[in-house]
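Novice: Handing you this structure, nothing more for now.
The values are calculated or read from the model by the stated rules, or taken from the named source; none is laboratory data. Please read these numbers as outputs of a predicted model, since none were measured by experiment. Glycine gets a Cβ as well: all are built from the backbone with ideal geometry, and neighbour counts include every protein chain shown.
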Amino acid sequence: MVNAGSIDHLHFTLVVATWNREVTLALETGCVETLLANGASRKNITVVYVPGSWELISGATQALRYSDTHAVICIGAVIRGDTPHFEYICQGVTVGLAQLCATQAVPVIFGVLTVDNLQQALDRCGGIHGNKGDEAASTAIQMAMLKTAFKEPSAE
Ligand code: DLZ
């Protein structure tokens with residue numbers, strides 16, 4: 001559990017890539033369950049879908065521009081293949097989402113698995129290495145609450 005106070009007023013947007021859907025569905029489910037377990041209101045959780053991880057950048061940009069969300073959680077799974085495509089997608093989505101983090105006040109959470117094979121992905125979406133969707137949700141809650149720290153009087 002994240003010790004973040006009440007979060008039922010906060011709006012969370014999940015942008016989910018449907019490429020490698022078995023994996024991203026498990027990440028999405030873990031993420032939503034963790035948001036709800038920490039007190040988020042189901043009506044304040046929006047889930048939108050994009051084709052692949054590359055499109056997470058545009059999806060997150062649109063969420064930031066067209067909604068009043070308090071955090072955008074990007075979920076994807078990039079699995080290495082036989083070509084350099086993996087490197088290009090990983091590099092592109094990492095840089096693209098980092099640029100959003102650096103330029104936008106609303107937090108953008110990186111819930112993208114970048115793995116060598118399907119087993120490594122399965123290990124991280126509910127397997128031996130936990131569920132990175134859960135971690136993305138916890139991170140989103142903490143970051144969405146950060147804004148209040150700048151508005152409250154200091155303890156001194
Ligand atoms: C094309 C492609 C490939 C080869 N692999 C993945 C992947 O492992 N994970 C993922 O999320 N998306 C992949 N894509 C799709 C790209 O992200 C993108 O949707 C297409 O290149 C179209 O822009």
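Novice: Within the group Ala136, Ala102, which residue is among the aliphatic types (A, V, I, L, M), free of Cβ contacts under 8 Å to residues at least 12 places away in the same chain and away from the ligand (no atom under 12 Å from the Cβ)?
Specialist: The conditions single out Ala102.
Novice: Looking at Ser53, is it more than 25 Å from Gln120 (Cβ to Cβ) and either touching a strand residue (DSSP E or B) at 6+ places or on another chain (Cβ under 7 Å) or of a type in the set (S, T, N, Q) (or both)?
Specialist: no
Novice: From Leu14, Leu27, grab the single residue that is under 16 Å from the mean Cα position of the chain (by Cα) and in a helix (DSSP H, G or I).
Specialist: Of the residues listed, the single one that is under 16 Å from the mean Cα position of the chain (by Cα) and in a helix (DSSP H, G or I) is Leu27.
Novice: Which members of the range 8-33 meet the condition of being of a type in the set (Val, Ile, Thr) and either without any contact (Cβ under 8 Å) to a residue 40 or more places away in the chain or surrounded by 22 or more Cβ atoms within 10 Å (Cβ to Cβ) (or both)?
Specialist: Thr13, Val15, Val16, Thr18, Val23, Thr24 - these are the residues of the range 8-33 that are of a type in the set (Val, Ile, Thr) and either without any contact (Cβ under 8 Å) to a residue 40 or more places away in the chain or surrounded by 22 or more Cβ atoms within 10 Å (Cβ to Cβ) (or both).
Novice: Separate question: Tell me, yes or no, whether the range 57-75 has at least one residue that is surrounded by 15 or more Cβ atoms within 10 Å (Cβ to Cβ), under 20 Å from Asn131 (Cβ atoms) and near the ligand (Cβ under 8 Å from one of its atoms).
Specialist: no
Novice: Consider only pairs whose beta carbons are under 8 Å apart and that are at least six residues apart or on different chains; among these, list those whose first residue lies in the range 53-67 and is within 12 Å of Phe12 (Cα to Cα) and at pLDDT 95 or above and whose second residue is among the polar types (S, T, N, Q) and within 16 Å of the ligand (Cβ to nearest atom).
Specialist: Listed by first residue and then by second, the contacts come to nothing, as the list is empty.
Novice: I would also like to ask the following. Could you go through the range 4-23 and let me know if any residue there is in contact with a Lys or Arg (Cβ under 6 Å, 6 or more places away or on another chain) and at pLDDT below 95.
Specialist: No, the range 4-23 contains no residue that is in contact with a Lys or Arg (Cβ under 6 Å, 6 or more places away or on another chain) and at pLDDT below 95.
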